[in-house]
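Report on the following structure.
The values are calculated or read from the model by the stated rules, or taken from the named source; none is laboratory data. Here the structure is a predicted model, which means the values were calculated and not measured. With ideal geometry, Cβ positions are generated from the backbone for all residues, glycine too; neighbour counts draw on all protein chains shown.
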Amino acid sequence: MGVATGILERLALVSRVVSVGARVDGRVGGWYRGLVEVDCGARSVDLVERGETRVPGGRRVGAASANRWWVDGGLLRLAHLREGRDRPVGIAAFELGVDGSAPSAAEPADSVEPHVCDRDLYTASLWLDGSGRVRLAWRIETPGGVERLSLRYR
């Protein structure tokens, strides 16, 4: 089993997601907690998240996200499904297992190229934590500054 396939299998077991956002200046930008519905296809895993987020100022609002993960050759790819399951939009690809080892916090797998959305530039890092849970960290360069978002799938 390849590293990318192993991570895909871990994602198929996910039931919760937790994230924390922050600006580079250190201010916490908010948090998100949600339950995850998993839909496994023949070669992909869709994660449909539904939860609650706290936005700056302390207000809590409902939030949802849907993403698809799949293995494509030597890459583990990620797409958002904002436009529907039949119209995935690729947002990251990770080259994994070149040396046969899984990515770790010390040596994460970085997205092979940035994703551009309007005036924002997204890059991502992926790794398995000490418990084997999938972690995904985004760095988002916006006209207003740099933001970070860290997700833990469990």
Task: Filter result for the condition that a residue is closer than 16 Å to V17 by Cβ, in contact (Cβ under 8 Å) with a residue 12 or more places away in the chain, out of contact with any Phe, Trp or Tyr (no Cβ under 8 Å at 6 or more places or on another chain) and not in a strand (DSSP E or B), over G62, G97, G132 - done: G132
TODO: Out of the residues in the stretch 112-131 that are within 15 Å of the chain's Cα centre (by Cα) and hydroxyl-bearing (S, T, Y), state the one that is surrounded by the fewest Cβ atoms within 10 Å (Cβ to Cβ).
DONE: T123
TODO: May I ask you to verify whether R77 is among the basic types (K, R), under 12 Å from the mean Cα position of the chain (by Cα), at pLDDT below 95 and part of a strand (DSSP E or B)?
DONE: no
Task: Lone qualifier among V146, V134, V89 - being surrounded by 12 or more Cβ atoms within 10 Å (Cβ to Cβ) and under 19 Å from R10 (Cα atoms) - done: V134
TODO: Considering each residue of the stretch 32-59, count those that are among the aliphatic types (A, V, I, L, M), surrounded by 18 or more Cβ atoms within 10 Å (Cβ to Cβ) and either closer than 15 Å to V18 by Cβ or in contact with a Ser or Thr (Cβ under 9 Å, 6 or more places away or on another chain) (or both), and give that number.
DONE: 2
